[in-house]
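The values are calculated or read from the model by the stated rules, or taken from the named source; none is laboratory data. Model, not experiment: these values are computed from the prediction. Positions of Cβ are backbone-derived with ideal geometry, glycine not excepted, and every protein chain shown enters the neighbour counts.
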Amino acid sequence: MMRDYLQITKALGDETRVRALVSLAEGELCVCQIIEVLGLSPSTVSKHMSILQQAQLVVRRKDGRWHYYRLAGRDAPPIVRQALRWTLKSLDGERLIAKDAKALCCIRETDRKELTACYNAN
């Protein structure tokens, strides 16, 4: 339990990871959508998502070339579920989180191929 706690607090100790986590509150996102909302490089976002995954706060699945993330569910350890509830409740109404949520509305409607075009060109 101590190990889980320390991984969770490490994961929640970074604004970018918290923003990524809260972005998943409305449902699963492709990593390309998370990249877009955070405005960071793919490698940076992948590192942050890996830390969230190690803390069991998010679950990743792969579908073809796309990686998708969602919040941990009912099968997650109680400490993880408590941390998720506390984080989402604590940040409800936070200005930056609201800005991300507004951006996500448009990002969710954008085709993944369009979102990844600039990365594929490089």
Quiz item: Within segment 1-37, which residues are free of Cβ contacts under 8 Å to residues at least 24 places away in the same chain and either of a type in the set (Lys, Arg) or not in a helix (DSSP H, G or I) (or both)?
Solution: ARG3, GLY13
Practice problem: Provide a single number: the residues in segment 47-105 that are surrounded by fewer than 11 Cβ atoms within 10 Å (Cβ to Cβ) and under 18 Å from CYS30 (Cβ atoms). | Solution: 6
Quiz item: What residue, among those in segment 15-27 that are charged (D, E, K, R) and loosely packed, with under 14 Cβ neighbours inside 10 Å, is modelled with the lowest pLDDT?
Solution: GLU26
Self-check item: One residue from ARG61, ARG70 being under 22 Å from CYS106 (Cα atoms) and basic (Lys, Arg)
Solution: ARG70
